[in-house]
Amino acid sequence: MHGKLLLVANRAGARLIEVRERGRSLTLLESFDNSRGRLHDGDLETDRPGRTFDSAGEGRHALGREESASQRVAADFARELAGRVAAALKTPAFDELVLVAEPRFLGLLRDALDDVSAKAVVASVDKDLVNLDIAALSAQLAEALAPAHPR
């Protein structure tokens, strides 16, 4: 069987959906909640960055971090979702993937996908549609869910 998976996600939650009937029928397979994705950096991390002296002179300044706490939480969630997608694509039921996420999180998802999953992506939509119901998703994503080639 050749089936299509739809992952609709943002940093706070996601839904993995089976697409049938040439994109006209959607069935929820699994929901994910990432409540930490709703928090701000100050709520995730109470530790302030360290301080250092300038190499020349008397000044002191805070040490920067390459990645904020909220960025780490989002990246961890993207990796979790990528692992779940990879597992689903290993079954004979699915061979195509459509990604839908707000632009920054979509980038994190793409980065987290393994090679097999990345090759299975047939469409991506950079919108945050997590809160839409299934019927509204089907209407909003009709073009992205339509078969790329007749079977």
Next on the checklist: Cβ neighbours within 10 Å, averaged per peptide: list 120-131, 75-86 in order, most packed at the top.
Outcome noted: 75-86, 120-131
Next on the checklist: At 0.36 nm per residue, and after removing the present C-alpha to C-alpha distance, how many nm does the segment from SER35 to ALA142 gain when stretched out fully?
Outcome noted: 35.6 nm
Checklist outcome for this item: By the C-alpha gyration tensor axes a ≥ b ≥ c (rounded if a/c is under 1.5, else prolate when a/b exceeds b/c, else oblate), the shape of region 70-151 is oblate
Checklist entry - Fully extended, how many nm does the chain gain between ALA135 and HIS2 (0.36 nm per residue separation, minus their Cα-Cα distance)? => result 45.6 nm
Item to check | Cut-off under 5 Å, modelled amide H: who pairs with GLY13 long-range | outcome: ASN34
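Values in this text are rule-based calculations from the coordinates and carry no lab data. In this text, all values refer to a predicted model and were calculated from it rather than measured experimentally. Don't worry about glycine lacking a Cβ; one is built from the backbone with ideal geometry, like all the others, and counts go over all protein chains shown.
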